[in-house]
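Here is the structure we will look at.
Please treat every number below as a calculation from the coordinates, not as lab data. Note that this is a predicted model, so its numbers are computed, not measured. All Cβ positions, glycine included, derive from the backbone under ideal geometry; neighbour counts span all protein chains shown.
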Amino acid sequence: MKILVCMSVVPDTTTKINFTDNNTKLNTAGIQYIINPYDELSLTKALEITEKSGSTVTIVNVGLADADVVIRKALAIGANDAIRVNADPTDGQYVAEQIAEIAKAGAYDMILTGRESIDYNGGQVAGLLAQLLDIPSVNVCTKMDVIDGKAHFERDIDGGRETIITELPVIASAQKDLCEPRIPNMKGIMAARTKPLTVVEPKVIEGYSVYSQFESPVAKQAVQLFDSQNAAQLIEKLRETKVI
Amino acid sequence: MIGIYAENSEGIFKKAVLEAASYAKSLGDNVTAICISKPNEGEADKLAKYGINELVILEGISSFDAQNYAKVFFTVANQKRLQTIIIANTYEGKSLAPRISVLLNASLATNVVDFPNTTNGFTVKRAVFSGKGFAYVNLTRANKVIAITPNSIELKENNTAISVSTINAENNTKTTITGTSKTVGKIPLTEAEIVVSAGRGMKGPENWGMIEELALELGAATACSKPVSDMHWRPHSEHVGQTGITIKPNLYIAIGISGAIQHLAGVSSSKVIVAINKDPEAPFFKAADYGIVGDAFEILPQLLTAIKSGKN
Ligand SMILES: Cc1cc2nc3c(=O)[nH]c(=O)nc-3n(C[C@H](O)[C@H](O)[C@H](O)COP(=O)(O)OP(=O)(O)OC[C@H]3O[C@@H](n4cnc5c(N)ncnc54)[C@H](O)[C@@H]3O)c2cc1C
Ligand SMILES: Nc1ncnc2c1ncn2[C@@H]1O[C@H](COP(=O)(O)O)[C@@H](O)[C@H]1O
């Protein structure tokens, strides 16, 4: 079993998002970067699966050198090695095309992604990659396992859950509830220093989209408060404004 | 030519599909809907009402498999020379949109929240940073796949005549669905127009009766904050926020939730927000339209009485 875990590096969840240069860029001043929370789940799950079968977990990231500290953290959690495609991605499609090259070269049995990156929230990479490689994919998984050469999943569907069995190779994306994310221990942190982190140059691709402008949500008007002794007024207001 | 994926939810085209139809119709006159498996009687008329001229039904596929669905969808899209495809960003839509974009060699945009601007190229507005921002993105390829966030696009009626045809599709899947469990009778959180949500302020799972009753009275879905699902007071599927589900209902009622930035990220695009919290300094009041400062255990019974007395 060889598992490839796609990992994006994103602003910490407490980050206040604002934009600079006439709203054309994210203001990165003071931002702390973390492993995308969903990718922490898929990494942990990949380790659980490979620990049973004694095989390897490789991390892949498309990003610039400043991602390396976060990639080392993933190695400290337990991945065997990492590959970074040295590029500042323009969109999910760019990321997927780069990872497809890595995936083709590596003959992985399983490729895991997060349900989405919490920065650009595309939720695109799993599906794109699956189609570029023309293999099955299962999105928003709350359970994953490999038994007798087949992959077993539970996934969210609208209003419920479903269990699925697929052939390998397969791509799956992690949803919350998949597992408890592992945190690195001292031994892991020491080991991570010498684990291989290979940097490869991107392949040149024709663009798909251009992020031209950003906008912050319109600030809310001050809240209108109702008396706690007369909460019925709130319901009246909601009725008046046809909200209910 | 423009196409939509008409997701078939147990024979029915839900509102999100009609939103996709409205979006597609705003781009041009001829819109083809492709649906996989036969919809109920009369459902095609719903599409006609929102401007769809043609419905192609693909029969012979029994269960959802993204690879197989994308392939058969593409066969029709290619034949009909569809260049722009609109898909509702549901669980199914999210699995399909990227695959279809690869097959069509198209630019892909997901989480799109508004009609496009086509004065200079083709620019869509999408939600980013879990609702903490929006991005305007130019889709530069000739072909485009656009996945729209449910409850973002205004429905526009546009009555037309619709022609319906049925094609047999090849069922070629590498996945086997071995079990399905649906919470029957409950409104799925992602589709709900009203959401009643509660946090650690409710003290314990035994106190959720009032929350569920309020949801029932309002025809709402229930949601919760992350610690509440982490402590197993409520199922994980109810957890909303940056690391949970992102929702955009017409009304979000937050009870005993502080309003941490990660929570707000998943709910702040709701059209109207109500916060109920005993702490006047709770950050939720900065994100809310309406609020009540007070004890949820005193306020909830009043709300229930007021709602019930207003009915009939
Ligand atoms: C990486 C990361 C990701 C996260 N992602 C999410 C996420 O996706 N979603 C999420 O929700 N959180 C998330 N969190 C957690 C978030 O930071 C907060 O801790 C969480 O939202 C708090 O939940 P709460 O408001 O229910 O609880 P608390 O913060 O404990 O707040 C309880 C509130 O209830 C009020 N209250 C108490 N008693 C009463 C009463 N009787 N009547 C009325 N009000 C009362 C209190 O005044 C308080 O404001 C994340 C955190 C991290 C670090
Ligand atoms: N730059 C990146 N490098 C590696 N993997 C990525 C990158 N961006 C996204 N991914 C993967 O794709 C998933 C979904 O991301 P997205 O489609 O951008 O929402 C993430 O959870 C990651 O697993």
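Points to keep in mind about this one:
- Proximal lysines to B:K186, defined as alpha-carbon separation beneath 19 angstrom and excluding residues fewer than eight positions away on the same chain: B:K14, B:K15, B:K248
- Summarising the label geometry, the points placed 7 Å from Cα in the beta-carbon direction at A:N22 and B:N30 lie 4.0 nm from one another.
- Each Lys and Arg contributes +1 and each Asp and Glu -1, all at the Cβ; summed about the Cα centre of chain B, the dipole is approximately 800 debye.
- Cβ-placed point charges (K, R +1; D, E -1), dipole of the protein assembly as shown about Cα centre in debye, nearest 20: 420
- Positive-end residue of A:L225, B:T222, A:G54, charge dipole of the protein assembly as shown with Cβ unit charges: A:G54
- Judged by the mean number of other Cβ atoms found within 10 Å, the most tightly packed of the peptides B:171-177, B:100-106 leads the ranking B:100-106, B:171-177.
- Likely footprinting exposure, B:T160, B:T84, fewest C-beta neighbours within 10 Å first: B:T160, B:T84
- Taken about its Cα centre, region B:189-311 carries a charge dipole of about 180 debye when Lys and Arg each add +1 at the Cβ and Asp and Glu each add -1 at the Cβ.
- Put in order of Cβ neighbour count within 10 Å, fewest first, the listed residues B:H232, B:H263, B:H239 become B:H232, B:H239, B:H263.
- Cross-link pairs exceeding 25 Å in C-alpha to C-alpha distance, out of A:K16/A:K242; A:K150/B:K226; B:K132/B:K203; A:K45/B:K94, comprise A:K16/A:K242; A:K150/B:K226; B:K132/B:K203.
- Rg/Rg_ref, region A:1-129, where Rg_ref = 2.2 N^0.38 Å and atoms are Cα: 1.05
- With both labels modelled 7 Å from their Cα along Cα-to-Cβ, the A:T163 to B:E10 distance reads 2.1 nm.
- Angle in degrees between helix B:15-25 and the longest Cα principal axis of chain B, rounded to the nearest 10: 50
- nm² value of the averaged projected area, convex hull over the Cα atoms of region B:189-311: 6.5
- Note on B:T119 and B:T75: with the Förster distance fixed at 22 Å, the Cβ-Cβ geometry gives a FRET efficiency of about 0.05.
- Ranked list, fewest to most other Cβ atoms within 10 Å of each Cβ, for A:I17, B:I167, A:I164: B:I167, A:I17, A:I164
- Inverse of mean 1/r across different Cα pairs in region A:2-216, Kirkwood, Å: 17.6
- Dimensionless Rg ratio for chain B, taking C-alpha atoms and the 2.2 N^0.38 Å reference: 1.08
- Between 0 and 90°, nearest 10: helix B:208-218 axis offset from chain B longest Cα axis: 50
- Cα convex hull, region B:2-168: 104 Å³ per residue, rounded to a whole number.
- Per-pair calculated FRET efficiency, R0 = 45 Å: A:E240 and A:A65 via Cβ, rounded to 0.05: 0.20
- Between helix B:66-79 and chain B: long-axis angle, C-alpha atoms, 0 to 90°, nearest 10: 40
- Taking the charge dipole of the protein assembly as shown about its Cα centre, with +1 at Lys and Arg Cβ atoms and -1 at Asp and Glu Cβ atoms, the residue from A:I157, A:P89, B:V72 reaching farthest to the positive side is A:P89.
- Charge dipole (chain A, unit charges on Cβ, about Cα centre) - positive-most of A:V200, A:V10, A:S117: A:V10
- Note on the protein assembly as shown: along the principal axes its Cα atoms extend 67, 65, 51 Å, ordered by decreasing extent.
- Note on A:V200 and A:S216: the model spin-label points, each 7 Å out from Cα along the C-beta direction, lie 4.1 nm apart.
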